[in-house]
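To start, the structure under review is shown below, and the notes come after it.
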Amino acid sequence: MQIVAKVPETVASAGAGGPAGLAEWALVELQGDLESRSELSLAGQLIGDVHFTRQGVPVLIVGHHILWGKVATLEKPLLVMSKRQRTAEASAGDGEVMEMETGAETDNSRYHIQAVIRRKILFKSRPKPIIANVPKKV
């Protein structure tokens, strides 16, 4: 399962060399299955919180479980694009628009680049339960 997340500036490299104003995102990769107690889909639902330690180590908290991860650089960057219909007044020199060949000459769509993905946050260890301090005397 992969989830797209925004990378905090402490993790993002300063010399990335991307276009100005283009957001940098990261993939969150979980090893294994993420199951819900209910039959509802997890799409669009909040499943947990991602935090970073002072050393830049990612920590994912899902319910009463904690996962420790690492940040890895992708071999090839990915682009997040949205498909939009081309209008007559749209300018051809827009810097954030990438024309793609689709094989159809009458295609009226454009692909707007939303973000670039250069890193992934990998959680490959098993989740550990979060146990609160319980007094020894009850």
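A few points about this structure:
- Qualifying position, being touching a Ser or Thr at 6+ places or on another chain (Cβ under 9 Å), modelled with pLDDT under 85 and not acidic (Asp, Glu), among 31, 45: 45
- Among the residues listed as 92, 115, the single one being modelled with pLDDT under 90 and either in a loop (DSSP other than H, G, I, E, B) or of a type in the set (Val, Ile, Thr) (or both): 92
- Neighbours by Cβ (under 7 Å, 6+ apart or cross-chain): first from the stretch 44-57, more than 18 Å from residue 119 (Cα to Cα); second exposed (fewer than 12 other Cβ atoms within 10 Å of the Cβ) and among the small types (Gly, Ala, Ser): none
- For the condition at pLDDT 80 or above, within 27 Å of residue 24 (Cβ to Cβ) and either surrounded by 10 or more Cβ atoms within 10 Å (Cβ to Cβ) or touching a helix residue (DSSP H, G or I) at 6+ places or on another chain (Cβ under 6 Å) (or both), residue 71 qualifies.
- Residue ID - farthest from residue 129 (Cα to Cα), chosen from residues in the stretch 68-77 that are assigned to a strand (DSSP E or B) and in contact (Cβ under 8 Å) with a residue 40 or more places away in the chain: 77
- Total residues in the stretch 22-32 satisfying the condition of being surrounded by 15 or more Cβ atoms within 10 Å (Cβ to Cβ) and assigned to a loop (DSSP other than H, G, I, E, B): the figure is 1.
- Scope the stretch 33-67; condition acidic (Asp, Glu) and either part of a loop (DSSP other than H, G, I, E, B) or more than 18 Å from residue 128 (Cβ to Cβ) (or both); matching residues: 33, 35, 39
The values are calculated or read from the model by the stated rules, or taken from the named source; none is laboratory data. Keep in mind that what you see is a predicted model, and the values were worked out from it rather than measured. Positions of Cβ are generated from backbone atoms using ideal geometry, with glycine treated the same way; all protein chains shown enter the neighbour counts.
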